[in-house]
Amino acid sequence: MTTTDQFSEKQKNDLLSAWVHGWTISRGTEAAFALAGHGYKIHVGLPGHLERYVLQGHALSAIQLLAHELSAPDTWIKVCAPVSEISALLPPRWTLKPAEYLMCKAITAHIDVDIPPSYTIQLGGGEQAVSIKALGRDGQIAATGRMALTARHAVFDQIVTEPSHRRKGLGKLLMQILNNHAFARQAETGVLVATEEGLALYTALGWALCSPMTAAVITA
């Protein structure tokens, strides 16, 4: 799937910026450090994920220079551009990961939700970071998600349904409840980065594809 033409580079950059800041809130990392004119650096500090660079797709020369400068294992880059534009810029030490997709959707007015009787929903968190869980009758986690609120944006993150609870509409349910929370907090635009698997769900829920995303990591 290619980038849609309805989003300008400025719109994509603005959405990418909102996603970056929301991601740091959701994951509890340090604030992102702006790289002049082409993206952000995030210190993550986790095993397998030391640092993350999130880069604008138009800055190809800057991306190539950075990719050649970086050498520490467990360093990641995520570029707002398709793999076809980025792969040739990366030295062999970089391993490409599965394609991802930057997506957005207007936060809609309150949606009436129908929670199945076999599940209980728990919504928690603070002013900026919100967490949600769907629990089965046995109290076990069936699905989880997070959302960060940054000014006018709601950044949806880590929407996951456990394998034994899939195909029951739980992903859609969590997204709708999070939408209602974002609407109550006066957010205007939802933003997320989807996997290939998540792309179908979010498209069916009315999310628009803003740009393919290329992810890569330096392996030891």
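Observations on the model:
- Lone qualifier among 174, 135 - being touching a Ser or Thr at 6+ places or on another chain (Cβ under 7 Å), surrounded by 14 or more Cβ atoms within 10 Å (Cβ to Cβ) and not small (Gly, Ala, Ser): 135
- With respect to (1) of a type in the set (Gly, Ala, Ser); (2) over 18 Å from residue 124 (Cα atoms); (3) touching a residue at least 12 places away in the same chain (Cβ under 8 Å), the lone exception for residue 171 is condition (2).
- Hits in segment 147-157 - residues which are surrounded by 14 or more Cβ atoms within 10 Å (Cβ to Cβ) and either of a type outside the set (A, V, I, L, M) or farther than 18 Å from residue 123 by Cβ (or both): 150, 153, 156, 157
- Scan of segment 99-125 for residues that are of a type outside the set (A, V, I, L, M, F, W, C) and modelled with pLDDT of 95 or more, ordered by number: 100, 101, 105, 119, 120, 122
- Among the residues of segment 65-84, the ones that are part of a helix (DSSP H, G or I) and either under 20 Å from residue 195 (Cα atoms) or aromatic (Phe, Trp, Tyr) (or both) come to 2 in all.
- Selection from segment 187-212 of residues that are under 19 Å from residue 55 (Cβ atoms) and among the small types (Gly, Ala, Ser): 194, 211
- Selection count where residues are touching a helix residue (DSSP H, G or I) at 6+ places or on another chain (Cβ under 8 Å) and in a helix (DSSP H, G or I), scope segment 85-101: 3
- Taking strands (runs of 3 or more DSSP E) as the structural unit, those lying wholly within segment 1-64 and holding at least 1 residues that are in contact with a Cys (Cβ under 9 Å, 6 or more places away or on another chain) correspond to 39-46, 49-56.
- Flag for residue 114 being of a type in the set (Asp, Glu) and part of a strand (DSSP E or B): no
- Qualifying residue in segment 31-38 (condition: over 30 Å from residue 127 (Cβ atoms) and small (Gly, Ala, Ser)): yes
The values are calculated or read from the model by the stated rules, or taken from the named source; none is laboratory data. Just so we're clear, the structure is a prediction, and the values are computed from it rather than from any experiment. Ideal geometry is used to build each Cβ from the backbone, glycine not excepted, and the neighbour counts take in all protein chains shown.
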